[in-house]
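Peer 1: Attaching a single structure in structure tokens format; questions to follow.
The values are calculated or read from the model by the stated rules, or taken from the named source; none is laboratory data. Keep in mind that what you see is a predicted model, and the values were worked out from it rather than measured. Please note: Cβ atoms are built from the backbone with ideal geometry, for glycine as well, and neighbour counts cover all protein chains shown. Ligands, DNA and RNA are stripped out before the accessible areas are found, and what is left, the full protein with its side chains, is counted by its heavy atoms. Shrake-Rupley method; radii C 1.70, N 1.55, O 1.52, S 1.80 Å.
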Amino acid sequence: MVHYSPVYTYELSAKFESQYDLSISNMRLAQAYNAKGENKLALQTYKEAEAAAISSKSNYLLKEIYEDVASVYGKLHDYSNAYKYQYLLVGIKDTIYNIDLDKKLQGTQFTFDLAKKASKIILLNKDLEIQNQEIKRQKLVRNAFVMGLSVVLLFAAIYINLLTKRAKMAKEKKRSEELLLNILPQETIDELKNKGKTIAKDFDEVTVMFADFKNFTSISENFTAQELVALINLYYSAFDDIISKNRVEKIKTIGDCYMCAGGLPVESKTNAEDTIKAAVEIKDFMSNENKKRQLLGLPFFDIRIGCHTGPIVAGIVGIKKYAYDIWGDTVNIASRIESNGEAGKVNISGTSYNLVKNKFKCQYRGKIPVKNKGEIEMYFVEEINLS
């Protein structure tokens, strides 16, 4: 058998103006470039193969092209486009599956119709010989019934198999969505899916909260590594539940520091109230846990919490291990508010206080000198105002 080079095959298919052959040729040529490490040429040629495959409605070629292109983008660390072509690959696989299934169903229906017509013809012919052929007629009727039942069972099996596969795909898709939601907000995930990238967004009013364990380093020496991680996980899991309930977004943890913010990724006029309420609940949770550990003679951590309200910029950066983060002077001031607080108390800035003074009972601390920020008015939140 004679083997032609990808370039010769491409020129031959282009000559005959066959979109299907042109797609195959471009795909083989792109695969050759890919094998040589010429990724940009490979991507350009794959795009031409994709256009020809779409024009000729060649789904099986598109499946192979999408799979290759996703791999090339992965090599280039372009994970946004790699995700896009993986998503297209799943879609074309589903299309191919549905087309194949439709063909099987049509073939089965044709067989069923033929069986029905054959049974009717046999019954009409045998009606003329009822007296002499009663036993044979009954046998034919019985066979027709078995055939019909078999077809019904076949339809049922195909339908159940289809439902099972679709349920499995839906389950896998839901699991992927849940994993992404543990990393990024829903709005950011939707933006990545629709645009393949995200744009940092300005927020005029966000309340940032920092929670930090006092004397963490010295107290942690009383724990084994496994005990320390288990205890921190217990605390952070409880914090996650509390802030989620109060519509506050977790940003990140940095060692023994827990950071979250209210009023993003969806803007909220009650961001200060929501965040400070979550802070009070975290403080109360830690107080109750510490009492339990004291009764058991176990070491425990006191927590310091600080909140400040102001403008920030939020978004994700980089192409690996996406993380939603926030930037701006508001974040720096919130960190200073926390470090200038006291263990077991929620310390807030005057800016945050003016937004929630009718919702919480607070103790004025005066103007506190803050490194690189001058003097900032601060308040201790004593309790939620239930009146």
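Peer 1: Can you compute the modelled spin-label distance between Ile384 and Ser71, with each label point 7 Å from Cα toward Cβ, in nm?
Peer 2: 5.6 nm
Peer 1: Pop out the carbon and sulfur fraction of the accessible area of the stretch 209-330 as a percent, whole number, probe 1.4 Å.
Peer 2: It is 54 percent, rounded to a whole number.
Peer 1: Another question, if that's okay. Label points 7 Å out from Cα along the Cβ direction at Ala200 and Ala238: separation in nm?
Peer 2: 3.6 nm
Peer 1: Want the number for Cys257 to Glu38: 0.36 nm per residue separation, take away the alpha-carbon distance, what's left?
Peer 2: Fully extending the segment from Cys257 to Glu38 adds 74.3 nm.
Peer 1: Next question, about the same structure. What is the list of residues in the stretch 307-341 whose amide nitrogen lies under 20 Å from a point 7 angstrom out from the Cα of Asn372, following Cα to Cβ?
Peer 2: 307-314, 325-341, by backbone N distance to the label point.
Peer 1: Let me ask something else. Packing-wise, with mean Cβ within 10 Å as the measure, how do 75-87, 44-56 rank, highest first?
Peer 2: 44-56, 75-87
Peer 1: Write down, largest first, the equivalent ellipsoid semi-axes of the stretch 286-353 in whole Å, where each equals the square root of 5 times an eigenvalue of the alpha-carbon gyration tensor.
Peer 2: 31, 19, 8
Peer 1: How much net charge surrounds Cys257 when only the other residues with a Cβ under 11 Å from the Cβ of Cys257 are counted, with Lys and Arg +1 and Asp and Glu -1?
Peer 2: Around Cys257, the charge tally is -1.
Peer 1: Hey, another quick one. Evaluate E = 1/(1 + (r/R0)^6) for Lys93 and Phe155, where r is the Cβ-Cβ distance and R0 equals 25 Å; express this FRET efficiency to the nearest 0.05.
Peer 2: Computed FRET efficiency for Lys93 and Phe155 comes out at 0.60.
Peer 1: Once you place label points 7 Å from the Cα toward the Cβ at Lys359 and Phe216, how far apart are they in nm?
Peer 2: Taking the two extended label points, one gets 2.7 nm.
Peer 1: Same structure, new question: Based on the Cβ-Cβ distance of Trp327 and Leu162, what FRET efficiency does E = 1/(1 + (r/R0)^6) give at R0 = 41 Å, to the nearest 0.05?
Peer 2: Result of the calculation: an efficiency of 0.25.
Peer 1: Using the structure shown, list the pairs from Lys168/Lys245; Lys84/Lys320; Lys36/Lys57; Lys252/Lys291; Lys201/Lys250; Lys201/Lys269 with a Cα-Cα distance above 20 Å, or answer none.
Peer 2: Lys168/Lys245; Lys36/Lys57; Lys252/Lys291
Peer 1: From largest accessible area down, sort Cys307, Cys257; use a 1.4 Å probe on the protein chains.
Peer 2: If we order Cys307, Cys257 from most to least accessible, we get Cys257, Cys307.
Peer 1: For Asn288 and Arg247 in one chain, what is 0.36 nm times their gap in residues minus the Cα-Cα distance, to one decimal in nm?
Peer 2: 12.5 nm
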